1. Being open to solvent by 50 Å² or more (accessible area, probe 1.4 Å), out of contact with any strand residue (DSSP E or B) (no Cβ under 7 Å at 6 or more places or on another chain), under 18 Å from ILE121 (Cα atoms) and part of a helix (DSSP H, G or I) narrows it down to one of ALA84, ALA7, so name that one.
2. Condition first: part of a helix (DSSP H, G or I) and either open to solvent by less than 70 Å² (accessible area, probe 1.4 Å) or in contact with a strand residue (DSSP E or B) (Cβ under 6 Å, 6 or more places away or on another chain) (or both). Now tell me which residues in the range 27-44 satisfy that.
3. Only one of ALA52, ALA57 is touching a Gly at 6+ places or on another chain (Cβ under 9 Å), without any contact (Cβ under 8 Å) to a residue 12 or more places away in the chain and part of a loop (DSSP other than H, G, I, E, B); which?
4. Kindly check whether there is at least one residue in the range 16-26 that is modelled with pLDDT under 90 and either under 17 Å from ARG112 (Cβ atoms) or assigned to a helix (DSSP H, G or I) (or both).
5. Can you name the number of the only condition in (1) among the basic types (Lys, Arg); (2) open to solvent by less than 80 Å² (accessible area, probe 1.4 Å); (3) not in a helix (DSSP H, G or I) that ARG74 fails?
6. Out of all the residues in the range 50-62, which are over 17 Å from the mean Cα position of the chain (by Cα) and either more than 13 Å from GLY23 (Cα to Cα) or crowded, with 20+ Cβ neighbours inside 10 Å (or both)?
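The values are calculated or read from the model by the stated rules, or taken from the named source; none is laboratory data. In this text, all values refer to a predicted model and were calculated from it rather than measured experimentally. In this analysis, Cβ positions are derived from the backbone assuming ideal geometry, glycine residues included, and neighbour counts consider all displayed protein chains. Just the protein is used for accessible areas: all its heavy atoms, side chains included, with ligands, DNA and RNA removed. Shrake-Rupley method; radii C 1.70, N 1.55, O 1.52, S 1.80 Å.
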Amino acid sequence: MALSRIASEGAGILLYEQQEGRGIGLMAKLKAYELQDQGMDTVEANVELGFAPDCRAYELPAEVLKHLGVKSVRLKTNNPEKVAALQSAGIEVVERVSAEVESQDSFERYLRTKQEKMGHITDAFVGEEHAG
């Protein structure tokens with residue numbers, strides 16, 4: 001999605017950090033998936049394993065952008081923590097561009113959890129009644 005947007009805009013920067021499993025590592029993420037198979041959501045599983053809901057930090061992308069001389073960005077994300085991290089590092093986020101994908105039954109619960117428990121910005125469930 002990001003690369004398509006960059007291509008259509010004619011310019012852009014894709015920063016990829018290898019932070020599998022929201023920063024808890026691949027093995028712990030597999031354990032979290034096991035807990036999710038038992039009925040927990042993604043946040044509950046991370047907490048059950050002794051982690052924060054999201055252990056990632058976003059200082060490195062901000063420093064990379066600074067190193068490249070980037071002072072402001074249009075940021076493609078639904079995660080408000082990424083916006084805040086760039087802004088606190090002195091990178092102006094002039095626009096947050098939605099990274100929303102069409103919800104599918106197979107991952108609707110995951111997207112809802114990210115919105116309700118982690119503050120992700122999405123229109124997918126606006127106006128719906130939510131079961132706690």
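1. Only one candidate passes the filter, namely ALA84.
2. ALA28, LYS29, ALA32, LEU35, GLN36, THR42, VAL43
3. Sole residue among the options that is touching a Gly at 6+ places or on another chain (Cβ under 9 Å), without any contact (Cβ under 8 Å) to a residue 12 or more places away in the chain and part of a loop (DSSP other than H, G, I, E, B): ALA52.
4. Taking the range 16-26 first, the residues modelled with pLDDT under 90 are 16-26.
Retained after the next criterion (residues that are either under 17 Å from ARG112 (Cβ atoms) or assigned to a helix (DSSP H, G or I) (or both)): 22, 26.
Within the range 16-26 (the criterion being modelled with pLDDT under 90 and either under 17 Å from ARG112 (Cβ atoms) or assigned to a helix (DSSP H, G or I) (or both)), the answer is yes, since at least one residue qualifies.
5. With (1) among the basic types (Lys, Arg); (2) open to solvent by less than 80 Å² (accessible area, probe 1.4 Å); (3) not in a helix (DSSP H, G or I) applied to ARG74, the lone miss is (2).
6. If the condition is that a residue be over 17 Å from the mean Cα position of the chain (by Cα) and either more than 13 Å from GLY23 (Cα to Cα) or crowded, with 20+ Cβ neighbours inside 10 Å (or both), then no residue fits.
One line per residue, one yes/no per condition, for (1) of a type in the set (S, T, N, Q); (2) modelled with pLDDT under 85; (3) more than 11 Å from the chain's Cα centre (by Cα):
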site: ARG74; (1), (2), (3): no, no, yes
site: PRO80; (1), (2), (3): no, no, no
site: VAL97; (1), (2), (3): no, no, yes
site: GLY119; (1), (2), (3): no, yes, no
site: ASP123; (1), (2), (3): no, yes, yes
